[in-house]
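One structure below.
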Amino acid sequence: MNAIVVTILSIILMIGLGYFLKRIDFLSEDAVDPLNKIVMYILLPCMIFSAISTADLSLLPKLGILPFIILSSSIVTGIISYFILKKLGLDDIALWSVLVTIMIANTGFMGYPISLGVYGQEGFLRAIFCDIATLCIFLILSYILVMKFGGNTKMAIKKIVLFPTLWAIILGLGFNFFNISIGPVLENTIDYLGQGTIPLIMIVLGLSINFEGISRSKSMIAFTSIMKLVFFPAIAFLIASCMGLHDLQFKVSIIEAAMPSGMMSLLLAITYNLDFELTSDCIFINTVISLITLPVIMMLL
């Protein structure tokens with residue numbers, strides 16, 4: 001069976017397992033937050049550190065192009081979406097609640113397992129560099145929302161500085177560059193923890209499923225899905241083509257751009273008192289739709 005189909009079906013089954021565990025009351029939505037923290041602060045950083053600390057650093061000049069493609073695609077899509085939403089007459093809170101879901105892609109939680117499953121460690125390494133752009137977009141939006149709706153600038157900076165994924169990248173590069181050994185015991189421990197990242201992420205996504213949002217935010221869900229799942233990767237395709245990218249570089253950049261809205265969108269919505277229910281609805285539905293659009297895009301590549 002095609003590697004793309006196998007990966008997507010495996011992801012659907014793991015998400016389905018999470019939803020099933022919620023339906024039989026084995027786990028509840030209350031478990032989402034603590035499980036997310038385990039993934040975000042322990043498992044995912046271990047997975048990233050393990051990949052980067054053993055990567056071939058001679059690829060850095062080539063890999064450095066990937067964040068630029070995702071960042072540029074996000075900004076172009078965001079600007080166009082902003083003027084369309086303004087034209088539709090949305091108030092500022094609703095507008096930014098939708099806009100954050102369009103500009104922030106799930107390059108990590110969804111992007112990592114798909115890139116790893118289809119393209120192996122080389123694909124995963126490139127997905128990590130695409131995810132750097134998502135961190136940059138998160139920072140940019142944090143400042144915009146602080147200026148727009150008020151808030152603590154120091155708190156926004158602190159969230160970025162202490163973001164565990166960022167430190168996993170920095171430490172991984174540092175240990176790799178200076179050839180620092182962490183020893184076989186610690187290396188094995190980090191590897192084992194990293195291997196638990198993907199299944200736990202998928203189970204958490206399943207626990208988060210809530211079908212009530214479909215009827216509550218129809219028009220904005222449709223708009224977000226078109227801009228995030230079609231327009232965003234189309235812009236990435238044009239930029240990557242103009243820059244002459246090919247093979248794995250090209251494929252991973254487009255696939256990461258085609259990811260659904262990231263959970264960091266919801267973090268922004270909650271932090272700056274936006275309509276977080278609208279944001280949550282858009283994230284959930286376009287995540288479900290992406291299970292159809294992603295295989296199509298991947299097969300076209």
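Cβ-Cβ distances below 7 Å connect the following pairs, each with a first residue in the range 66-91 that is farther than 18 Å from Ser217 by Cα, a second residue that is of a type in the set (Lys, Arg), and a separation of six or more residues or different chains: Leu66/Arg126. Is it the case that some residue within the range 101-109 is within 16 Å of the chain's Cα centre (by Cα), at pLDDT 90 or above, among the β-branched types (Val, Ile, Thr) and assigned to a helix (DSSP H, G or I)? Taking every residue of the range 101-109 in turn, at least one turns out to be within 16 Å of the chain's Cα centre (by Cα), at pLDDT 90 or above, among the β-branched types (Val, Ile, Thr) and assigned to a helix (DSSP H, G or I). When the residues of the range 137-179 are filtered to those that are at pLDDT below 85 and in contact with a Pro (Cβ under 8 Å, 6 or more places away or on another chain), the one that is nearest to Gly78 (Cα to Cα) is Thr165.
For the residues Ile69, Ile38, Ile12, Ile24, the requirement of being hydrophobic (A, V, I, L, M, F, W, C), surrounded by fewer than 18 Cβ atoms within 10 Å (Cβ to Cβ) and at pLDDT 90 or above singles out Ile24. Looking at Ile235, is it of a type outside the set (D, E, K, R), in contact (Cβ under 8 Å) with a residue 60 or more places away in the chain and touching a helix residue (DSSP H, G or I) at 6+ places or on another chain (Cβ under 7 Å)? Judged against the criteria, Ile235 is a match.
Candidates are the residues of the range 44-62 that are hydroxyl-bearing (Ser, Thr, Tyr) and assigned to a helix (DSSP H, G or I); the one that is nearest to Asp191 (Cα to Cα) is Ser50. Restricted to the range 208-229, and to residues that are among the β-branched types (Val, Ile, Thr) and modelled with pLDDT of 70 or more, which residue is surrounded by the most Cβ atoms within 10 Å (Cβ to Cβ)? Looking at the filtered set, the residue picked out is Thr224. Exactly one residue among Met227, Met220, Met298, Met264 is touching a Cys at 6+ places or on another chain (Cβ under 9 Å) and at negative phi, and that residue is Met220.
Selection of the range 244-291 for residues being among the acidic types (Asp, Glu) and either surrounded by 24 or more Cβ atoms within 10 Å (Cβ to Cβ) or assigned to a helix (DSSP H, G or I) (or both) yields Asp247, Glu256, Glu277, Asp281. The set of residues in the range 63-82 that are in contact with a Ser or Thr (Cβ under 6 Å, 6 or more places away or on another chain) and outside any helix (DSSP H, G or I) is empty. When the residues of the range 170-212 are narrowed to those that are under 24 Å from the mean Cα position of the chain (by Cα), polar (S, T, N, Q) and not in a loop (DSSP other than H, G, I, E, B), which ends up farthest from Asp33 (Cα to Cα)? By that ranking, first place goes to Gln195.
The values are calculated or read from the model by the stated rules, or taken from the named source; none is laboratory data. A quick note: this is a predicted structure, and the numbers were derived from the prediction, not measured. Neighbour counts are summed over all protein chains in view; Cβ atoms, including those assigned to glycine, are modelled from backbone coordinates with ideal geometry.
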